[in-house]
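Read the structure below first, then the notes.
The values are calculated or read from the model by the stated rules, or taken from the named source; none is laboratory data. This is a predicted model, so every value here is computed, not measured. With ideal geometry, Cβ positions are generated from the backbone for all residues, glycine too; neighbour counts draw on all protein chains shown. In case anyone asks, the SASA skips ligands and DNA or RNA and just uses the protein heavy atoms, side chains included. Shrake-Rupley method; radii C 1.70, N 1.55, O 1.52, S 1.80 Å.
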Amino acid sequence: MTIKKNYIAGEWVEGVSTTRNVNPADTSDIIAEYATADAEQTKAAVDAARAAYPAWSQVGIQQRSELLDRIGQAILDRKQELGELLAREEGKSLPEAIGEVGRAGQIFKYFSGEVLQMRGELQPSVRPGLDASVTREPLGVIGMITPWNFPIAIPAWKIAPALAYGNCVVFKPAELVPGSAHALAEIIVEAGVPSGVFNLVMGPGRVVGDVIVNNTQVDGISFTGSVATGRNIAAAAVGRMAKVQLEMGGKNPLVVLDDADLNTAVECAINGAFFSTGQRCTASSRLIVTEGIHDRFVEAMVDRLKTLKVGNPLDAATHIGPVVDERQLQQNLDYVEIAKEEGAKLIFGGEQLQLETEGFFQQPALFVDTTSDMRINREEVFGPVATVIKARDYEHALELANDTEFGLSAGIVTQSLKNATHFKRHSQAGMVMVNVPTAGVDYHVPFGGRKGSSYGAREQGSYAREFYTTVKTAYTLA
Ligand code: NDP
């Protein structure tokens with residue numbers, strides 16, 4: 001089996017060992033072996049990025065824009081093939097995987113244009129005869145640590161703005177999904193990125209990630225993943241005064257009011273809670289439903305859940321692919337048991353499924369009769385597990401929606417303009433959705449949350465420049 005290498009200082013290099021990329025829908029399907037770097041190789045990647053930075057930061061925006069455009073186009077041209085690879089390694093259904101790849105391509109295209117929009121400010125000084133200008137400069141070397149649930153879109157929305165604004169990159173993907181990351185790296189290299197500007201370092205977080213986080217030559221760290229890892233990274237980064245940006249978990253509410261269109265409510269809940277196997281930080285795992293529609297909603301949800309097929313992501317009939325790995329499946333099954341022990345009533349699914357191939361399949365789970373204080377409503381499961389919490393009225397539903405340590409995304413299904421507007425204003429989340437699922441955001445507007453979900457500047461859209469650039473104020477006496 002060929003070994004897919006790391007890309008460090010303009011060379012494809014072998015690691016100190018290798019990791020197997022296993023298809024979670026069929027564990028006999030080994031996608032490829034991937035190089036695993038050690039601390040020394042990671043340091044070499046950081047050094048290469050540091051050495052390449054002075055020249056790259058001075059390259060004109062035209063050249064950077066064209067590079068990003070070529071990368072974006074190459075991704076879009078290979079959407080089907082990359083989608084199949086992504087579905088095979090991560091487990092989301094093929095249409096979802098192709099959609100994610102398309103989004104990665106669009107992100108590069110977007111930042112190809114966005115970099116041409118760079119502008120500063122010129123204003124008179126309060127002191128006569130002086131002008132003050134405010135401009136943005138690249139941050140420097142950026143370390144990127146990404147999770148397994150969006151193996152190409154999340155790397156894209158970090159790498160594209162980093163390169164666009166003149167930074168150099170050391171990219172560490174999640175160990176579970178090196179395939180899409182490696183394919184993306186190949187595309188970036190083929191598009192002509194200069195040596196050292198972009199480095200791919202695959203390997204375990206506790207080794208590769210640790211070097212990136214603690215190396216003083218890394219000026220900024222952009223992380224997406226779990227709260228526990230994010231908290232440690234933030235502490236280390238702040239300790240050495242590096243810039244840090246974290247996107248972490250969610251326990252996102254979807255509020256369904258009595259006046260909701262039932263079909264819209266069910267489709268928002270099914271999509272938000274169970275698509276991508278519930279493995280989205282924006283998944284709506286808490287369905288907060290007012291009394292007047294509660295029973296009808298629950299009944300319709302169960303009917304709709306019965307129509308969903310769990311299976312191989314490459315099978316056109318599949319709606320929900322496998323859980324990403326055995327450890328995550330066990331975590332999901334444990335939470336099903338915890339919820340039952342807490343007194344929640346399981347009215348659909350939750351069990352592991354044995355299908356034709358050996359994989360990590362789980363029937364989506366729906367609980368009712370749950371309360372906000374239960375662990376199942378407070379902790380992120382990160383799987384196809386959702387709960388219903390009954391609310392007395394809109395005010396109670398809003399209170400329940402905000403009763404969480406997290407604040408990434410929140411949704412409401414209602415026909416009331418008054419309640420929708422009130423919810424948009426008073427939801428303690430970074431992103432609010434009215435009559436659409438909590439998951440699914442555009443690439444040209446900011447992405448991020450509040451409270452325990454996010455830390456630091458927003459990602460995506462023009463707001464990405466807050467993290468990837470630093471501001472300079474300059475005076476001229478004319
Ligand atoms: P982690 O937070 O452990 O992993 C995210 C990234 O951080 C990976 O690239 C990982 O590398 C890396 N990492 C791990 N440890 C360190 C470290 N000490 N220093 C630097 N980098 C590190 O999440 P998991 O993948 O383990 O998933 C655990 C749980 O996190 C899930 O069950 C889910 O609840 C949540 N999660 C949330 C996500 C979100 O988007 N909100 C995304 C993914 C997970 P490696 O892969 O090598 O471990």
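Descriptive notes on the structure:
- If you plug the beta carbon distance of Glu341 and Gln415 into 1/(1 + (r/R0)^6) with R0 = 41 Å, you get a FRET efficiency near 0.60.
- Listed by chain and number, the lysines whose alpha-carbon sits under 30 Å from that of Lys172, ignoring those within fewer than 8 places in the same chain, are Lys4, Lys5, Lys43, Lys79, Lys92, Lys109, Lys158, Lys243, Lys251, Lys451, Lys472.
- Cut-off 20 Å (backbone N to label point 7 Å along Cα→Cβ of Thr371), residues of the stretch 395-418: 395-405
- Taken as Cα centroids, the stretch 178-192 and the stretch 358-385 sit 35 Å apart, rounded to the nearest whole angstrom.
- Per-pair calculated FRET efficiency, R0 = 56 Å: Leu130 and Asp315 via Cβ, rounded to 0.05: 0.25
- Alpha-carbon radius of gyration plus Dmax, which is the widest Cα pair, for the chain in Å: 23.0, 79
- Antiparallel bridges, percent of DSSP beta bridges restricted to the chain (to nearest 5): 45 percent
- The stretch 226-272: trypsin sites (Lys or Arg not before Pro) in DSSP loop, at most 15 other beta carbons within 10 Å: Arg240
- Förster radius 45 Å - calculated FRET efficiency between Asn232 and Thr264, Cβ distance, rounded to 0.05: 0.65
- The long axis of helix 39-58 is offset from the longest Cα principal axis of the chain by roughly 60 degrees.
- A probe of 1.4 angstrom, applied to the heavy atoms of all protein chains, finds Lys5 with accessible area near 70 square angstrom.
- Rolling a 1.4 angstrom probe over the protein heavy atoms with all chains in place gives the chain an accessible area of 39 Å² per residue.
- All Cα-Cα separations within the stretch 387-478 were binned at 10 Å from zero, giving a P(r) of 15, 39, 25, 12, 6, 3, 1, each value a whole percent of the pairs.
- Crossing angle, helix 61-77 versus the chain [Cα axis fit, 0-90 degrees, rounded to tens]: 40 degrees
- Taking all protein chains as they are arranged and a probe of 1.4 Å, the heavy atoms of Tyr463 leave approximately 130 Å² accessible to solvent.
- Over the residues of the chain, the helix contribution to mean residue ellipticity at 222 nm works out to -12000 deg cm²/dmol, using -39500 (n - 2.57) for each DSSP H run of at least 4.
- Surface share of carbon and sulfur [accessible, 1.4 angstrom probe, percent] for the chain: 50 percent
- Put the Cα centre of the stretch 198-258 next to the Cα centre of the stretch 290-320 and the gap is 34 Å.
- Residue-wise HN-Hα couplings along the stretch 353-361, as the Karplus relation 6.51 cos²θ - 1.76 cosθ + 1.60 with θ = phi - 60° gives them from phi, are 10, 9, 10, 4, 9, 6, x, 10, 8 Hz; Gly and Pro carry x.
- Relative contact order of the stretch 116-164, taken over Cα pairs closer than 8 Å and 6 or more residues apart, is 23 percent.
- Each Lys and Arg Cβ is given +1 and each Asp and Glu Cβ -1; about its Cα centre, the chain then shows a dipole of about 1500 debye.
- Residue-level accessible surface for Ser372, protein heavy atoms, 1.4 Å, Å²: 10 Å²
- Charge-dipole axis of the stretch 178-315 as Lys and Arg at +1 and Asp and Glu at -1 on Cβ define it, positive-most pick from Thr282, Leu308, Gly196: Gly196
- Comparing Leu86, Ala401, Asn271 along the charge dipole axis of the chain, the residue lying farthest to the positive side is Ala401, per the Cβ-charge model.
- Centre separation in Å (Cα based) which lies between the stretch 395-467 and the stretch 53-99: 27 Å
- For the stretch 116-130, putting each phi into the Karplus relation 6.51 cos²θ - 1.76 cosθ + 1.60 with θ = phi - 60° gives couplings of 6, 8, 4, 9, x, 10, 10, 9, x, 6, 6, 9, x, x, 9 Hz, in residue order, rounded to whole numbers and with x for Gly and Pro.
- Dipole of the chain, positive direction: furthest Cα of Ile152, Thr224, Gln245, with charges on the beta-carbon: Gln245
- Degrees between helix 227-239 axis and first principal axis of the chain (Cα, 0 to 90, nearest 10): 30 degrees
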